[in-house]
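Reviewing the structure listed below.
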Amino acid sequence: MMFEHDSIADIHEDKLVEYLLAVRYWRQWMFGHFGIPEGPIYRERVPLDTAPGGLPRKGDIDVLLSGRGKFEESVAYQVKRVKVSLAQLRAKTPGKLQDLKEAVRQANLLVDVGFWKVYLYIFALIDARELDLRADDRLHFNEIKYKISLAIGNSIADLNIRVGLFEVELVQTTDSAPTTFDRAGGHLRRQASAAPQSYELTEWVSEVFSQERPNELSRVLLE
């Protein structure tokens with residue numbers, strides 16, 4: 001079966017985060033839950049190499065959030081995607097499940113750095129355009145969802161107890177733009193636990209938000 005539009009499974013994590021932060025509805029849906037500072041500011045893809053607290057660290061923070069003028073309450077987000085392309089849909093074999101262990105390691109690293117709160121967001125991007133979810137294909141779809149849920153459950157055994165976990169399912173069911181998100185659902189499996197943030201890290205967060213970077217989203221999101 002041929003389709004005109006690209007597959008949702010091909011959206012890279014960086015582009016997914018950029019889009020969700022840029023659209024008010026999705027931004028509030030994702031980051032407006034209990035315990036998150038009101039009227040926050042965001043920064044994407046923040047390198048960790050200059051963060052205080054020991055040796056330089058590799059990698060980055062997918063989203064760094066802070067209350068305005070309250071940098072001691074910063075929230076670090078690690079984002080990881082699981083994808084189901086059309087080929088994987090037919091074979092009932094979700095992709096990138098092996099990356100979940102790395103996502104757990106990265107989220108635990110953010111706890112070690114010492115942020116006030118840390119979240120791991122796992123996105124399941126499912127291209128289901130060849131299925132009719134209102135008929136018998138529903139069983140096929142549920143089997144794929146079960147495999148994803150099982151993989152997540154097996155992967156988070158080593159997740160630090162302070163890390164909050166949010167599972168998101170975005171499904172493409174029609175031949176429309178992949179960011180249409182024909183179906184969307186989210187489950188906050190557990191909230192992040194707060195811990196005092198060091199003065200040194202708070203100063204570093206303040207410096208991160210004071211820097212201007214061209215072509216990067218970093219703004220107060222009030223509209």
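When segment 149-163 is filtered for residues that are modelled with pLDDT under 95 and within 17 Å of the chain's Cα centre (by Cα), the ones remaining, listed by number, are SER149, ALA151, ILE152, GLY153, SER155, ILE156.
Selection of segment 57-75 for residues being in contact (Cβ under 8 Å) with a residue 40 or more places away in the chain and assigned to a loop (DSSP other than H, G, I, E, B) yields ARG57, GLY59, ARG68. Scanning segment 96-103 turns up no residue that is modelled with pLDDT of 90 or more, more than 19 Å from GLU167 (Cα to Cα) and surrounded by 14 or more Cβ atoms within 10 Å (Cβ to Cβ).
State yes or no: is THR93 touching a helix residue (DSSP H, G or I) at 6+ places or on another chain (Cβ under 9 Å), surrounded by fewer than 13 Cβ atoms within 10 Å (Cβ to Cβ) and assigned to a loop (DSSP other than H, G, I, E, B)? No; evaluated as a whole, the condition is false for this residue.
The values are calculated or read from the model by the stated rules, or taken from the named source; none is laboratory data. Treat the numbers as computed from the prediction; the structure is a model and nothing was measured. With ideal geometry, Cβ positions are generated from the backbone for all residues, glycine too; neighbour counts draw on all protein chains shown.
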